[in-house]
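First up is the structure itself, then whatever we jot down about it.
The values are calculated or read from the model by the stated rules, or taken from the named source; none is laboratory data. Note that the structure is predicted; figures quoted are calculated from it, not measured. Using ideal geometry, Cβ is built from the backbone for each residue, glycine included, and neighbour counts are taken over all protein chains shown. What goes into the accessible areas is simple: the full protein's heavy atoms, side chains included, and nothing from ligands, DNA or RNA. Shrake-Rupley method; radii C 1.70, N 1.55, O 1.52, S 1.80 Å.
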Amino acid sequence: MFDRLQAVEDRYERLNELLSDPDIVSDSKKLAQFSKEQSDIQETVTVYREYKSIKEQIEETKELIEIEEDAEMKEMEQEELKELDAQIPALEEKMKVLLIPKDPNDGKNIIMEIRGAAGGDEAALFANSLFRMYSKYAETQGWKTEIVSANPTELGGYKEIVIMISGSDVYSKLKYENGAHRVQRVPETESQGRVHTSTATVVVMPEAAEVELDLQDKDIRVDIYHASGAGGQHVNKTASAVRMTHIPTGVVVAMQDERSQLKNREKAMKILRARVYDKLQQEEQSKYDAERKSAVGTGDRSERIRTYNYPQNRVTDHRIGLTIQKLDQIIDGKLEDVIDALIMEEQAQKLDALNEQRF
């Protein structure tokens, strides 16, 4: 544990040196990279230094008590020692939290794909409900939501909708939404008033920058075709729709929402980059059994993670056994209670792993 803390402090000092180097200062990319890295570990270093300072004061106070002959002074020093000792447990717990491995994608924007699954028209309507829920939650966080592509149904639902959410630490809060979401409610099309069960799937992918994932032109096949509307209705006389295939991974993206081929290319490339990056990350995650067994997973997209029961106004997250009787508020974008609980559960699991290590 302390070896890791010392390594972080050593790295902090090295970053100080690098940020004073004229060659680094003149390179904006490296300057931004090292500045961010230093900022990310600054609190850990500050707390660790405070801990070391108090430990030194404890040792010095113990030495003074050993040689002190005046009874009154000895008593004062013993009281000071108690106060110093009392600070150690809190600092140790804080250092453990700060040493919890951070997901390098936490600060990124996301691309979210919502699809109606089992349940036909009702599943598509539920997909729209989820889209609205995430959009409203994004508003409360000061994030920006943009529809990248959409495949609407006649009843106002979505067979599929792809959105980009941009802002501060978007992935850190929405990464837990991966999986199958189940709804139990009376559909608008149900004349008998019977409760139906439908599902929609959500995929959350961190936006990948070009510097993180260099997609080679030779690895991408691009097909151009005429865009068409529902039922094959022709909506564009020019060949503006784009289909991109990343040959090494088999990932395919089709885009026809824009009339401009160039804009469709840009959108398709953005989604392709995110999907390939996500696929490679998923494959890497699958190598670590401990992570896959975590109660708060972000990997298994087929997992049923949550149920929205309208008759009982209840939302249940099955991964952590959380049940909240506030469906009306949650579906309106007030997701804080659910997301905070998921974050706390994951932190608790990681803290348990750290607690197994000896100081």
Margin query: With the requirement that a residue be open to solvent by less than 30 Å² (accessible area, probe 1.4 Å), within 19 Å of the chain's Cα centre (by Cα) and over 23 Å from T307 (Cα atoms), what does region 129-158 give you?
Written below: W143
Check: Considering K279, K263, K334, K350, which residue is modelled with pLDDT of 85 or more, surrounded by fewer than 19 Cβ atoms within 10 Å (Cβ to Cβ) and not hydrophobic (A, V, I, L, M, F, W, C)?
Finding: K334
Next item on the list: Identify, from the list E17, E37, the residue that is loosely packed, with under 13 Cβ neighbours inside 10 Å and either within 28 Å of D106 (Cβ to Cβ) or without any contact (Cβ under 8 Å) to a residue 12 or more places away in the chain (or both).
Entry: E17
Check: Which one of the conditions (1) of a type in the set (A, V, I, L, M); (2) in a helix (DSSP H, G or I); (3) within 30 Å of K102 (Cα to Cα) does L125 fail to meet, given that it meets all the rest?
Finding: (3)
Next item on the list: Taking only region 40-56 into account, find how many residues are among the polar types (S, T, N, Q), within 18 Å of I88 (Cβ to Cβ) and open to solvent by 60 Å² or more (accessible area, probe 1.4 Å).
Entry: 1
Next item on the list: Scan region 232-248 and report the pairs whose first residue is hydroxyl-bearing (S, T, Y) and whose second residue is modelled with pLDDT of 85 or more and open to solvent by 80 Å² or more (accessible area, probe 1.4 Å), with Cβ atoms within less than 6 Å and a gap of 6+ or a chain change.
Entry: T245/R221
Next item on the list: For region 1-14, enumerate the residues that are modelled with pLDDT of 90 or more and farther than 15 Å from R49 by Cβ.
Entry: R14
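Within region 1-109, considering only helices (runs of 4 or more DSSP H) that don't extend past its boundaries, which have at least 2 residues that are under 30 Å from M164 (Cα atoms)? Lay out the reasoning, then the answer.
On the way: elements: 2-18, 22-25, 28-67, 71-98.
Counting at least 2 such residues, we get 28-67.
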Check: Among (1) in a loop (DSSP other than H, G, I, E, B); (2) at pLDDT 80 or above; (3) in contact with a Lys or Arg (Cβ under 9 Å, 6 or more places away or on another chain), where does T201 come up short?
Finding: (1)
Next item on the list: Inspect region 309-319 for any residue being within 21 Å of the chain's Cα centre (by Cα), assigned to a loop (DSSP other than H, G, I, E, B) and without any contact (Cβ under 8 Å) to a residue 24 or more places away in the chain and give the result as yes or no.
Entry: yes
Checklist line | Candidates I88, I114, filtered to the one that is touching a residue at least 24 places away in the same chain (Cβ under 8 Å) and within 26 Å of Q256 (Cβ to Cβ) | finding: I114
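What about I100, is it open to solvent by less than 60 Å² (accessible area, probe 1.4 Å), β-branched (V, I, T) and under 30 Å from Q33 (Cβ atoms)?
On the way: open to solvent by less than 60 Å² (accessible area, probe 1.4 Å): yes; β-branched (V, I, T): yes; under 30 Å from Q33 (Cβ atoms): yes.
Yes; evaluated as a whole, the condition is true for this residue.
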Checklist line | Residues of region 172-182 that turn out to be buried (at least 21 other Cβ atoms within 10 Å of the Cβ) and outside any strand (DSSP E or B), as a count | finding: 6
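So which residues in region 100-119 are touching a strand residue (DSSP E or B) at 6+ places or on another chain (Cβ under 8 Å) and of a type in the set (G, A, S)?
Those that are touching a strand residue (DSSP E or B) at 6+ places or on another chain (Cβ under 8 Å) and of a type in the set (G, A, S): G116, A117, A118, G119.
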